[in-house]
Amino acid sequence: MSVDEIGMEQQADAGADEPGWDVDPDDESGVAVIAAVGRQLRAWREAAGLTAAELGAAMGYGENLIYKVEGGRRIPRPEFLDKADEVCGAGGKIAAMKQDLAAVRYPKKVRDLAKLEAKAVELSAYGSHNLHGLLQTEEYARALFGMRRPAFSSDEVERLVAARMARKSIYSRSPGPELSFVQEEATLRRPIGGRMVLRRQLEYLLEVGKLRNVEIQVMPTSREDHAGMSGEMEVLKFRDGSAVGRSEGEFGSRPVADPKHVRIIELRHGIIRAQALTPRESRAFIEHALGET
């Protein structure tokens, strides 16, 4: 095989792998769902009298990707299933599996967080290094994941960005949960992704801040008293009165449900809110920061 042929083959493999995500072998529930989808896809392909190469060619993907999806080693994107449904003449039955994959297409850690947020009636968070995930625009999140070291692959970045954006469905819930965010001034100044990304991010904060169930406060760098020097924290409260909290540098930085531990995080967050600018003052602060950007 010539050098040119090897290069073309590598490009074909890279392109074939593009429309999907690798499976996390430690995600047992996700692996089971993905394997079931793969078996169904193979059954429909064979029923249509197509080889993996023929199906891939008809869909515009490589044979290698078809085998990976059928073998449960690759999570197909929604458009992959739509194309497979059309080529195999499945009448919507392959496309319908998008609902099964929707619950497992993102990393388990992100899915677990999304489940908690979906059940929460109150969320309180303090961010010190970057904006809270629920406050981020897509391009800000992409820039944030893109600068991580060791670096994520482009595929991993897109998967994580998609997962983060999916969590923002919390804003469309009715009735919506009470959301309270305190952000360090530095998170509004650092031009992650560039000046224009920051401008659009600040504009988004002003837009989200108009929601009646959302409060955004800014902790100025000039504050002499600050109860959040140990790092970011978050508390989620649920309808049954239970709560889950997490505080950087406390309790191993892991989520805790013990009421005594959650109470410590709540106490600290309450003091932070009192030390920060009020929501009205914070809105004016963000508007001023936008004008300077």
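Just so you know, all these numbers are worked out from the coordinates, no wet-lab data involved. Keep in mind that this is a model prediction, so the values were computed, not measured. In this analysis, Cβ positions are derived from the backbone assuming ideal geometry, glycine residues included, and neighbour counts consider all displayed protein chains.
Points to keep in mind about this one:
- For the chain, the 222 nm mean residue ellipticity estimated from helices alone, with every DSSP H stretch of n ≥ 4 adding -39500 (n - 2.57) and the total spread over all residues, rounds to -16000 deg cm²/dmol.
- Here the calculated FRET efficiency for Met229 and Thr278, from their Cβ-Cβ distance with R0 = 30 Å, stands at 0.90, rounded to the nearest 0.05.
- 5 angstrom amide H check on Val121, placed H, neighbours 5+ away: Lys237, Phe238, Arg239
- Computed from backbone phi, the HN-Hα couplings of the range 244-249 come to 10, x, 8, 9, 4, x Hz, rounded to whole numbers (Karplus: 6.51 cos²θ - 1.76 cosθ + 1.60, θ = phi - 60°; Gly and Pro given as x).
- Rounded to the nearest 10 degrees, the angle from helix 3-17 to the longest Cα principal axis of the chain is 60 degrees.
- Segments 79-91, 230-242 sorted - mean Cβ within 10 Å per residue, highest first: 79-91, 230-242
- Each residue of the range 81-88 was assigned a 3J(HN,Hα) from its phi angle through the Karplus curve 6.51 cos²θ - 1.76 cosθ + 1.60 (θ = phi - 60°); the sequence is 5, 4, 5, 4, 4, 5, 5, 7 Hz, with glycine and proline shown as x.
- For the chain, the longest principal axis of the Cα atoms and the long axis of helix 108-119 meet at an angle of about 50 degrees.
- Relative contact order of the chain, defined on C-alpha pairs under 8 angstrom at six or more residues apart (%): 16 percent
- Cα centroid of the range 24-92 to Cα centroid of the range 101-165, whole Å: 27 Å
- Computed lengthening from Glu292 to Glu248, 0.36 nm per intervening residue step minus Cα-Cα distance: 12.7 nm
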